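Every number in this text was worked out from the coordinates using simple rules, so none of it is lab data. None of these values were measured; they are calculated from a predicted model. Methodologically, a virtual Cβ is constructed for each residue, glycine included, from the backbone with ideal geometry; neighbour enumeration extends over all protein chains shown.
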Amino acid sequence: MNRRLALVMSAIFLSVAGLAAAETERRNSQPAIHDKLSPETAIEFAWHHHPIMASARAQVAAQHGREVQAALWPRPELGALLIEEDEKTERQLSIYQKLELGGKRSARVSVAAASAFLSETDRADAWRNLRAEIIEAFARLAYVRELVEVTGELERIGEEQAQLAAALLKAGKLSEQVLLKTKQRSALAAAASDNAGKLLKDAERQVLIAMGAPADSPMPGEIDCNRSGSDEALPAFKELLQLAFTNNPAMTASRARVMIADSLHRVARASRWSDVTLTAGYKSISKEEGLDSTATIAGLSMGLPIWDRSQGDIAATRELSLSEKSAQELTMLDVAALVSKLHAEYEGRVRDEKTLAAEVLPIAEKRYALIRNRHDNGKIGKGELLRAQAELEETMLEHARAKLMLAIATAEIEKAALGAAIPGENASDRQ
């Protein structure tokens, strides 16, 4: 009995130890996250470790493999023949090699190369979207941090206003209705502050999710939301439009589809040519009289150029090519409309942020400073000072919201018009 118990305990111990070792190995195999996280390090992490990019790279590698396969020559064939008759035995060994004429091989390679280019376009599109999501996640985190600070201040101001209202009520200088309203505003400010704290944790986690970090990754020690080069102005509209015609994923995909259609047309035209098969071999004949004979075989065969069955494919692929080129022109119009819309939104966000930063916020700060000075000189009460401080905090929050909307508008127009550089290949993330 003791022996069985010892065996069971040993099995349990080994199972637990195995699970612990597997978990340790899994954690060690996970990519490490920088202790100080920034938009640049997150973007670099996502390029190397995000599952979306791993899948896109695998698709590109698969298409390049098909490109290599398309360039291979037809495989030679080996044939053997044995004929036994009453008076003789015939043996033959031959090798056959098919030769593709009319540019079939190069046309097939061009189809595979165009398909590989389309897969690279899909990868670039996925990278643009992923990079924009990371930038927006950091922008939202920066806004939520401002929200936490402002709502915390508004909660403190609400508490002081409620205390002041209670004191004025006791002194008979305030009605109970005003006190209840003040307490209501204070309770709402406290709830907003509590919600902001919860939003902050979620915003930090959303940054890790956007960059593709493992689900159980610990939070980094510091998250810096400042993005290098974010203060740089975008190019003018005309230049931006030209960049979009080059870099927009819809345009690059359209060019790839035109390349594929043209290559398919080449394949159809090349199929009009018959393939040639070369034959080389050795033949021996043994007779009962003992007289053996040998022969060398060399031959050439090709299909007759009659009953051409490629005209339908040629016409169909020609129309497909024309259709894709027309679709490319429509795509250019769509891209122009998109860039125009996004640029107008971007300019509007720039104006909003500049107005708040250069005009509205300084006025609010100056007004608060004047009211505080009057309060310190005993000319006004504390209630007016608290109201002015609350207005200043709300203006700061409005400015933070404007910065968030500007960051999102910038990321969207970069995704639509600018190329997203691969980390490590360029010092800048903008082409």
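Full extension from Glu384 to Ala58: what is 0.36 nm times the residue separation minus their Cα-Cα distance, to one decimal in nm?
111.0 nm
Run the numbers on the chain and let me know its relative contact order in percent, using alpha-carbon pairs under 8 Å that are six or more apart.
Relative contact order comes out at 23 percent.
Just tell me which lysines come within less than 27 Å, Cα to Cα, of Lys341; anything on the same chain fewer than 8 places away is out.
Straight-distance partners of Lys341: Lys238, Lys325, Lys354, Lys403, Lys415.
Work out, step by step, the length gained on full extension between Arg318 and Ser301: first 0.36 nm times the residue separation, then minus their alpha carbon distance; give nm to one decimal.
3.1 nm
To make sure I understand, if each residue's beta carbon is the centre and we count other beta carbons within 10 Å, what order do Asp194, Asp122 fall in, fewest to most?
Sorted ascending by nearby Cβ count, the order is Asp194, Asp122.
Report the Cα-based extents of segment 195-272 along its three principal axes, largest first, to the nearest Å.
Dimensions of segment 195-272 along the principal axes of its Cα atoms: 70, 38, 22 Å.
For Lys379, list the lysines whose Cα falls under 29 Å from its own Cα; do not include residues on the same chain fewer than 8 positions away.
Lys170, Lys173, Lys181, Lys183, Lys366
Based solely on its DSSP helices, what 222 nm [θ] is calculated for the chain when runs of n ≥ 4 H residues each add -39,500 (n - 2.57) and the sum is averaged over all residues, nearest 500 deg cm²/dmol?
Only helices count here, giving -24500 deg cm²/dmol.
Normalized C-alpha radius of gyration of segment 29-417, against 2.2 N^0.38 Å?
Ratio of Cα Rg to 2.2 N^0.38 Å: 1.75.
Could you check the spin-label model distance between Glu288 and Asp216? Points 7 Å from the Cα along Cα→Cβ, value in nm.
Calculated label separation equals 8.4 nm.
Mind checking which of Leu240, Gly281, Pro305 is farthest towards the positive end of the chain's charge dipole, using Cβ charges of +1 (Lys, Arg) and -1 (Asp, Glu) about the Cα centre?
Leu240
Straight distance only, please: which aspartates and glutamates reach the Cα of Lys88 with their own Cα at less than 18 Å, same-chain residues fewer than 8 apart left out?
Glu288, Glu289, Asp292
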